[in-house]
Amino acid sequence: MHIHEWPAGERPREKLLGQGAAALSDAELLAIFLGSGLRGQDAVSTARQLLAAHGPLRTLIERGAAGLAALPGLGPARACALTAALELGNRVLAADLARGEAMADPTAAGRYFSQRLRGFAHEVFAVLFLDTRHRALAFEELFRGTIDGAEVHPREVVRRALALNAAAVIVGHNHPSGSREPSAADRAVTAQLKQALSLVDVRLLDHFVVGDGAAVSLAARGWV
């Protein structure tokens, strides 16, 4: 059955208009960009196939325009649209941080870390470097690991903070398992980073753990 024959409430575009983009699954959102599916398939089926073979969504989109264009069902135009959509989302969140929203609205930083780190199949540890007014200077993915963890070196975080003349940092990492609960190792790394950064007069403001749902703030739990 073609998508236009589906009940109106189940069609991705109508569902988005009626319920908002958050109500759509990853496959439904991707299907809107596809417009149509491979021969004999509707767009949602093709989207599900792409996610199953090359996902999750973040991993798929971060292949870049050239990598996406080589996949069945995409091509250059759709690949460029998907890559541009990811960058638009990153820039919207980055704009909030550039205005100093990192501390005026701490959840903005959590959303930004979620946007940048969710979907990786391996653990990534990133740092948001801030100036004296808590405006973003740079966001860098400093350490990458396996599905179980990434080794974090505090002195490298200190080195980059000094190089960027940062006054404060917010750090974050993802849990590929989807769990948002900070581990004992997460708390230990936070304490080590705070101590190392304090030696060069740089404040550690927060540490976010990214999993399924909203990122968890260690500062909110009193662990920073």
Can you give the helix-only mean residue ellipticity at 222 nm for the chain, where every DSSP H stretch with n ≥ 4 adds -39500 (n - 2.57) and the sum goes over all residues, rounded to the nearest 500 deg cm²/dmol?
-14000 deg cm²/dmol
In the chain, taking the dipole from +1 charges on Lys and Arg beta carbons and -1 charges on Asp and Glu beta carbons about the Cα centre, the listed residue (Ser179, Phe143, Ala22) farthest towards the positive end is Phe143
Of Lys15, Lys194, which has the most accessible area with a 1.4 Å probe, and how do the rest follow in descending order?
Lys194, Lys15
Mean separation of Cα contacts under 8 Å, 6 or more apart, over the residue count of the chain: relative contact order %
13 percent
Using a 1.4 Å probe, how large is the accessible area of Trp223, given in Å² and rounded to the nearest 10?
70 Å²
Can you tell me the 0 to 90 degree angle between the C-alpha axis of helix 106-117 and the longest principal axis of the chain, rounded to 10?
60 degrees
Just by accessible area at a 1.4 angstrom probe, what is the order of Asp26, Asp42 from largest to smallest?
Asp26, Asp42
I'd like the distance separating the alpha-carbon centroids of segment 40-88 and segment 190-224, in whole Å.
34 Å
What does the accessible area per residue of segment 170-224 come to in Å², with a 1.4 Å probe and no ligands, DNA or RNA counted?
46 Å²
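The values are calculated or read from the model by the stated rules, or taken from the named source; none is laboratory data. Everything quoted here is computed from the prediction, not taken from an experiment. Here the Cβ is made from the backbone with ideal geometry for all residues, glycine too, and neighbour counts use every protein chain on show. Ligands, DNA and RNA are stripped out before the accessible areas are found, and what is left, the full protein with its side chains, is counted by its heavy atoms. Shrake-Rupley method; radii C 1.70, N 1.55, O 1.52, S 1.80 Å.
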